[in-house]
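Notes follow once the structure below has been shown.
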Amino acid sequence: MEKKIVHKLAKLISSQVFESNMTSQQQRINAVKIHLEQRLDSPLDIAQLASLACVSHFHFCRLFHAYVGESIYAYRKRLLLERSLNHLRFSQLTLIDIASQSGYQNQASFNKAFKQQFEQTPLQIRNQAWLKPEQHSVKANKLLARAARQIEVIELAPQSVLSKREQGPYLQAAPKAWRQLFSACNDMGLDTQQSTMIGISYDDPSVTHPEQVRFDACLSLPIEPTSPEALPSTSQLAELGIQQLTLAGGLFAKLRHHGGYANIPSSYQVVLRDWLPQSNYQLRDANCLEIYHNKTADGVPEKTLITDLLLPIQ
């Protein structure tokens, strides 16, 4: 009887240790992904990335593929190609410049890789005239004109944040990321009442596979500790899967969105298709930010939700 109990306990402990190791390794791989995304234009340094993942460089590439589902090289290539699609849609950069910024030495190689990824050539995307304002009904035009008048150009300073990454369809990943971030802050004894809630949606779901879409839930620092010893250490953050990041500042076009989060893409279109082409600005390579004025959407009427959409411009 005692042997059976000991065996069950040993099996339970072994299972818990395995799950803990899996979680820790996934968090380290997430740190590698964030590091890579912030240095997308730099050559891959496998030794440095392996060090971040706390594994030998001999095993890093195989481990990254096992957790992410694509190689480190394919991951970087995909992100560069997805960025190039946005350049084609929303910038005035030449095809040659876009190819070069995407890591290709000539236009032919870029065209081939781009068509394999998106089943269209770069020129076909450019000729779809994404930059031209859409034709709307008279009523819709009035609504768009009113929305466009509400767009402000603001300048933000760099902002330190605590961040939690989740991956998957936005309407599933975002709530999960926020729950985990607030739970982690609560576990560390941090008072988040005065923190700004900032969301970063990295990918266009119409371009990126839904399961590969990335979302970061961020809370601005400083976050007040409930006691002096409650300040989070790097190791505490890592154990909870939390990153401390600095969001880049600069110029942003700000539009206030009223209503449910599922309708946010429509508000982005007002800026991208109806305001940007008629402004003197262009998009710059930085992340769009979403500032949420409601601490929670649970039990809140959709029409009362307020979100500031910030698009980086120059």
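For region 302-314, which residues satisfy the criterion of being open to solvent by 70 Å² or more (accessible area, probe 1.4 Å) and either assigned to a strand (DSSP E or B) or modelled with pLDDT of 90 or more (or both)? First the steps, then the outcome.
The first filter runs over region 302-314 and keeps only residues open to solvent by 70 Å² or more (accessible area, probe 1.4 Å), leaving 302-303, 314.
Result: GLN314, single match.
With the condition being open to solvent by 40 Å² or more (accessible area, probe 1.4 Å) and either closer than 28 Å to GLN101 by Cβ or not β-branched (Val, Ile, Thr) (or both), I'd like the strands (runs of 3 or more DSSP E) fully within region 233-299 carrying at least 1 qualifying residues.
Working: elements: 243-247, 250-258, 289-292.
Qualifying strands (runs of 3 or more DSSP E): 243-247, 250-258.
So for region 285-296 (the condition being without any contact (Cβ under 8 Å) to a residue 12 or more places away in the chain and under 22 Å from ARG39 (Cβ atoms)), does at least one residue qualify?
Let us first name the residues in region 285-296 that are without any contact (Cβ under 8 Å) to a residue 12 or more places away in the chain, namely 296.
From the residues that got through so far, the ones that are under 22 Å from ARG39 (Cβ atoms) too are none.
No, because not a single residue in region 285-296 is without any contact (Cβ under 8 Å) to a residue 12 or more places away in the chain and under 22 Å from ARG39 (Cβ atoms).
Of the numbered conditions (1) modelled with pLDDT of 95 or more; (2) part of a helix (DSSP H, G or I), GLU211 satisfies every one except a single condition; which is it?
In the conditions (1) modelled with pLDDT of 95 or more; (2) part of a helix (DSSP H, G or I), GLU211 misses (1) alone.
Please go through region 103-137 and give me each residue that is small (Gly, Ala, Ser), more than 19 Å from PHE90 (Cα to Cα) and either at pLDDT below 90 or in contact with a Pro (Cβ under 8 Å, 6 or more places away or on another chain) (or both), ordered by number. Steps first, please.
First pass over region 103-137, keeping only residues small (Gly, Ala, Ser): 103, 108-109, 113, 129, 137.
Cutting the leftovers down to more than 19 Å from PHE90 (Cα to Cα) gives us 103, 108-109, 113, 137.
Across region 103-137, the qualifying residue is only SER137.
With respect to SER56, determine if the residue is more than 23 Å from the chain's Cα centre (by Cα), hydroxyl-bearing (Ser, Thr, Tyr) and modelled with pLDDT under 95.
Here the answer is yes, as SER56 does meet what is asked.
Under 6 Å between Cβ atoms, which residue pairs at least 6 apart in sequence (or on different chains) link something in region 152-181 that is closer than 21 Å to PRO210 by Cα with a partner that is assigned to a loop (DSSP other than H, G, I, E, B)?
Final answer for the pair search is LYS164/ILE242.
Return the residues of region 186-202 that are crowded, with 19+ Cβ neighbours inside 10 Å and without any contact (Cβ under 8 Å) to a residue 40 or more places away in the chain; say none if nothing qualifies.
Listed by number, the list holds a single entry, SER195.
Which is over 27 Å from the mean Cα position of the chain (by Cα), part of a helix (DSSP H, G or I) and modelled with pLDDT under 90, of ALA147, ALA140?
Details: ALA147 fails: over 27 Å from the mean Cα position of the chain (by Cα).
Among ALA147, ALA140, only ALA140 is over 27 Å from the mean Cα position of the chain (by Cα), part of a helix (DSSP H, G or I) and modelled with pLDDT under 90.
Out of the residues in region 103-121 meeting the condition of being small (Gly, Ala, Ser) and in a helix (DSSP H, G or I), tell me which one is most open to solvent (accessible area, probe 1.4 Å). Please lay out each step first, then the result.
Residues of region 103-121 small (Gly, Ala, Ser): 103, 108-109, 113.
Going one step further and asking which of them are in a helix (DSSP H, G or I), we end up with 108-109, 113.
On the way: ALA108: 71, SER109: 53, ALA113: 9 Å².
Ranking the qualifying residues of region 103-121, first place goes to ALA108.
What number goes with the only condition from (1) over 30 Å from TYR268 (Cα atoms); (2) open to solvent by 10 Å² or more (accessible area, probe 1.4 Å); (3) without any contact (Cβ under 8 Å) to a residue 24 or more places away in the chain that LEU63 does not pass?
(3)
Please verify whether region 169-185 includes one or more residues that are under 30 Å from LEU276 (Cα atoms) and touching a Pro at 6+ places or on another chain (Cβ under 8 Å).
yes
Within region 217-230, does at least one residue satisfy the condition of being closer than 22 Å to VAL153 by Cβ, hydroxyl-bearing (Ser, Thr, Tyr), without any contact (Cβ under 8 Å) to a residue 40 or more places away in the chain and not in a helix (DSSP H, G or I)?
We begin by selecting, within region 217-230, every residue closer than 22 Å to VAL153 by Cβ; these are 220.
Cutting the leftovers down to hydroxyl-bearing (Ser, Thr, Tyr) gives us 220.
Filter once more, keeping what is without any contact (Cβ under 8 Å) to a residue 40 or more places away in the chain: none.
Looking for residues that are closer than 22 Å to VAL153 by Cβ, hydroxyl-bearing (Ser, Thr, Tyr), without any contact (Cβ under 8 Å) to a residue 40 or more places away in the chain and not in a helix (DSSP H, G or I), one finds none in region 217-230, hence no.
Go through region 253-268 and give me each residue that's in contact (Cβ under 8 Å) with a residue 12 or more places away in the chain and over 17 Å from the mean Cα position of the chain (by Cα). Break it down stepwise before answering.
Our first condition is that a residue be in contact (Cβ under 8 Å) with a residue 12 or more places away in the chain; within region 253-268, this holds for 253-262, 264, 267-268.
ALA253, LYS254, LEU255, ARG256, HIS257, HIS258, GLY259, GLY260, SER267, listed by residue number.
Name the residues in region 175-185 that are out of contact with any Asp or Glu (no Cβ under 7 Å at 6 or more places or on another chain) and crowded, with 20+ Cβ neighbours inside 10 Å, would you? Lay out the reasoning, then the answer.
Our first condition is that a residue be out of contact with any Asp or Glu (no Cβ under 7 Å at 6 or more places or on another chain); within region 175-185, this holds for 175, 178-185.
Answer for region 175-185, where residues must be out of contact with any Asp or Glu (no Cβ under 7 Å at 6 or more places or on another chain) and crowded, with 20+ Cβ neighbours inside 10 Å: TRP178, LEU181, ALA184, CYS185.
Any residue in region 78-91 that's within 11 Å of ASP285 (Cβ to Cβ) and among the charged types (D, E, K, R): show its pairings with residues that are open to solvent by 20 Å² or more (accessible area, probe 1.4 Å) and in a loop (DSSP other than H, G, I, E, B) at Cβ separation under 9 Å, as long as the two are six or more apart or on different chains.
ARG83/LEU40; ARG83/ASP285
LYS77 - would you say it is at negative phi, open to solvent by 40 Å² or more (accessible area, probe 1.4 Å) and at pLDDT 90 or above? First the steps, then the outcome.
On the way: at negative phi: yes; open to solvent by 40 Å² or more (accessible area, probe 1.4 Å): yes; at pLDDT 90 or above: yes.
Answer is yes for this residue.
The values are calculated or read from the model by the stated rules, or taken from the named source; none is laboratory data. This structure is a prediction, so every number in the text was calculated from the model and none was measured. Ideal geometry is used to build each Cβ from the backbone, glycine not excepted, and the neighbour counts take in all protein chains shown. What goes into the accessible areas is simple: the full protein's heavy atoms, side chains included, and nothing from ligands, DNA or RNA. Shrake-Rupley method; radii C 1.70, N 1.55, O 1.52, S 1.80 Å.
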